[in-house]
1. Taking the condition under 21 Å from the mean Cα position of the chain (by Cα), surrounded by 10 or more Cβ atoms within 10 Å (Cβ to Cβ) and free of Cβ contacts under 8 Å to residues at least 24 places away in the same chain, does Glu108 pass?
2. Tell me which residues, restricted to segment 85-105, are surrounded by 11 or more Cβ atoms within 10 Å (Cβ to Cβ) and over 28 Å from Glu147 (Cα atoms).
3. Please indicate, with yes or no, whether at least one residue in segment 17-25 is exposed (fewer than 13 other Cβ atoms within 10 Å of the Cβ) and in a helix (DSSP H, G or I).
4. Out of Ala97, Ala63, which single residue is of a type in the set (Gly, Ala, Ser), at pLDDT 90 or above and closer than 30 Å to Ala153 by Cβ?
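The values are calculated or read from the model by the stated rules, or taken from the named source; none is laboratory data. This one's a predicted model, so the numbers in the text were calculated from it and none came from an experiment. Backbone-built Cβ (ideal geometry, glycine too); neighbour counts: all protein chains shown.
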Amino acid sequence: MTNQTGAAQRIADRVVGKAKKLAGAVTSDDALRREGELHEQKAEAALEAERLEATAQQKAAQADLAERERELTLEEKELRDKELLEKREAAHEREIAQQESRIEAELERTERRVDTQEAATESALSREQAAAAAERSEGIRQAAVAEEEARRAENRAETYEDAAESK
């Protein structure tokens, strides 16, 4: 029932109720008077039902709004958390790249030192001694390379551990 139809019906029930009450009072017909009172009570009950329906709709709208606000708050938090995580990951990647660059530079320096030592050793020793020195230098170089790779792996592992702990 629309509001206009409901309002018209309530007015009609009141008018009919008043008329029947008046007619019952004039004719001393208690049944007619009670019927008039029932029409008036019906009009009041319909009005109260409309009020309760309006209140229920308002509360439902407020609940919907509160739920949407809660969802938006959660979405904002998720976005902030995601952004923070991306920043942390980028920082860790930069740190790893810097460590790798340092290790590469150190490896190059070590290889140059080994090459320099190898050249000096070769020039100072005879062929046999040069061959033995070359083997030794190659072993030293390989050991240095392995050592540098081990250090690089340790640095990466520490960086990943740090990243895992910070999450």
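1. On the way: under 21 Å from the mean Cα position of the chain (by Cα): no; surrounded by 10 or more Cβ atoms within 10 Å (Cβ to Cβ): yes; free of Cβ contacts under 8 Å to residues at least 24 places away in the same chain: yes.
Criteria not met by Glu108.
2. Within segment 85-105, Leu85, Arg88 qualify.
3. Taking segment 17-25 first, the residues exposed (fewer than 13 other Cβ atoms within 10 Å of the Cβ) are none.
Checked segment 17-25: no residue is exposed (fewer than 13 other Cβ atoms within 10 Å of the Cβ) and in a helix (DSSP H, G or I).
4. Working: Ala63 fails: closer than 30 Å to Ala153 by Cβ.
Only one candidate qualifies: Ala97.
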